[in-house]
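To keep things clear, I will list the structure first and then write my remarks on it.
Coordinate-derived values only; no laboratory data. The structure displayed is predicted, hence computed values, not measured ones. Quick reminder, even Gly has a Cβ in these numbers, built from the backbone with ideal geometry, and neighbours come from all protein chains shown.
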């Protein structure tokens, strides 16, 4: 009986370190990236649209995807910040 408890506890610890903890770290890093967005940053959205941020507020960002074409997206929809000069 004691061995079964240790095995079950060991499996829970293993699942925590392999699945839960890395997911929490990714979510924390993504939240940090979103909070640091500013005008002029180049980003890619979850839908694959690449653009340059023209304005940012609390929950939305305006992306310039082509000359004179601006799209408003939710900040949560921004997936990644790209290096300068990508667009």
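So which residues in segment 59-79 are in contact with a helix residue (DSSP H, G or I) (Cβ under 8 Å, 6 or more places away or on another chain) and exposed (fewer than 12 other Cβ atoms within 10 Å of the Cβ), if there are any at all?
59
If I filter segment 46-57 down to residues being part of a loop (DSSP other than H, G, I, E, B) and in contact (Cβ under 8 Å) with a residue 12 or more places away in the chain, which single residue comes out as nearest to the chain's Cα centre (by Cα)?
46
Between a first residue in segment 60-87 that is in a loop (DSSP other than H, G, I, E, B) and a second residue that is loosely packed, with under 13 Cβ neighbours inside 10 Å, which pairs have beta carbons less than 9 Å apart while being 6 or more apart in sequence or on different chains?
Hits for this filter: 84/40.
Scanning for something part of a strand (DSSP E or B), touching a strand residue (DSSP E or B) at 6+ places or on another chain (Cβ under 8 Å), free of Cβ contacts under 8 Å to residues at least 24 places away in the same chain and surrounded by 14 or more Cβ atoms within 10 Å (Cβ to Cβ), does segment 33-45 turn up at least one residue?
No; the residues of segment 33-45 include none that is part of a strand (DSSP E or B), touching a strand residue (DSSP E or B) at 6+ places or on another chain (Cβ under 8 Å), free of Cβ contacts under 8 Å to residues at least 24 places away in the same chain and surrounded by 14 or more Cβ atoms within 10 Å (Cβ to Cβ).
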